[in-house]
Structures are given as structure tokens and as C-alpha cells.
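Reviewing the structure listed below.
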Amino acid sequence: MAYRKTRKVREQLAGKKETILKAAKEVLAEESTGRASIKKIAGKAGIATGTFYLYFPSKEKLLETIIDEMYKKLLDNIKSERARANSLYEKLQFSMEACIRLFVQEKKLAKILLIQIPGVSAAINRKLVGLENHLVNLTKKDLDELQEQGLIPAQDTLTMATAFVGTFRQVITSWLREGRPEDPEEFLATLIQYNLRGLGKDGEK
């Protein structure tokens, strides 16, 4: 007879998994990805190293889970903000604001995601590229609609969407590395204006 996990057992397992994830984020916030060993993560979580493998088969899978968790939260925030937009331009603006505000709120996690994790492995890189491509495709849909409505000049919307997302990522990464400007609101308005003007939108409200 197959063993069926009770709800209490499932909750305990989920709770332990969250404890490991929390510990991993704390260790990664202090150590480079290479130095953040499973032993250190397990110690931070208060578990034996062997117990770690009951929840994650490898450190790579743990990192993938952290990536998925952050991007899900990011996409949920974007969806929520876009729901209150009254125009396509506002959808793009609110999307950028949602991203920046989440990265400010989760600065340590954003640094892990955008600076420390890239380059860890080919599988991780493929996942990150796939997630960024998803953001590019979402942006492209907005640009296609703007173009169909005659609100922006005729242009290659895939290239523009790629540049739009790439510029945004570069500014955020630079801020995470250098800590300048200290107040993200200083670059938020400039970045939004720069990206929207790059699409062909004039400076009028």
C-alpha cells in the first residue's frame, strides 16, 4: 500500500523547504555563489547536510527554485500594476515601476538573481535567458498594439522590446553593483522617460 502524506506532513515538508530557501538567500547575500556551499546553507537552516538533499537534489536546483520564486513574484507584481493602467503607455510605465520597486524591496535577492547567479552553469543561464525572453515577448505585445494604433512609428518591435528590457536590466544591475544613485526614484523617472522616448513617444504627459 502506497504511503500517502497527510496534510500535516506536507505542511511540515513545505515549511522545512522554505527554511532552506530562506537560509540559502541569507548565505548568498553574504557569500559569492561559489563559496555558498550546501554545508553552509544547511548549517544556516539548522539541518544536517544530508537532509538538504531530501528537498533539493543539488545546489543548482536550489538556485533554480530561487530564480523561479523571484520571477513569479515579479510577474505577479507586473500583472497587478498593469490591471490599473488606462493606456498602453501606462502599461509599460507601470510594468517598469513594478520591477524597480520589487528590486528595491528585495535588493539582496535582486543582487543574487542579476549579479551572482548568472554564469553559475549552462542550465541556469538558459533559465535566465528564457525568463528574460518572456519579458521581451510581453513588451513586444504592447509595442505591437501601440504600432497598430499608430501611437509609435513603424519599427521592428522585437528589436525594440529587446532593447527596452536590456536597457532596464543594465540600469538596475549597475545600481545593484555601484549603489548609485542612492535613491532609486532618481533614476526611475529618467529610465521610464528614456525608454518611452526611444519608442517614439514625445515628452508630453
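Bear in mind that the values in this text are calculations on the coordinates, not laboratory data. In this text, all values refer to a predicted model and were calculated from it rather than measured experimentally. Glycine gets a Cβ as well: all are built from the backbone with ideal geometry, and neighbour counts include every protein chain shown.
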Query raised in the report: Given the rule -39500 (n - 2.57) for each run of at least 4 DSSP H residues, summed and divided by the residues of the chain, what is its mean residue ellipticity at 222 nm, to the nearest 500 deg cm²/dmol?
Result: -24000 deg cm²/dmol
Requested in this report: Find the lysine pairs in segment 1-56 meeting two conditions, Cα atoms under 26 Å apart and a separation of 8 or more places or different chains, and report how many there are.
Outcome: 22
Query - Globularity ratio of segment 1-56, using Cα Rg and 2.2 N^0.38 Å - result: 1.30
Report summary line: Under Stokes-Einstein, segment 1-128 at 37 °C and 0.692 mPa s, with its Kirkwood radius over C-alpha pairs, diffuses with a coefficient in µm²/s of 200 µm²/s
**Report entry** Calculated FRET efficiency for the pair ALA123/ALA85, C-beta based, R₀ 30 Å, to 0.05
**Finding:** 0.25
Query raised in the report: Lys/Arg Cβ at +1, Asp/Glu Cβ at -1, dipole of the chain taken about the Cα centre: which of GLN93, GLY50, LEU114 is farthest positive-ward?
Result: GLY50
Requested in this report: Equivalent ellipsoid semi-axes for segment 80-175, as square roots of 5 times the alpha carbon gyration tensor eigenvalues: give them largest first, rounded to whole Å.
Outcome: 26, 17, 10
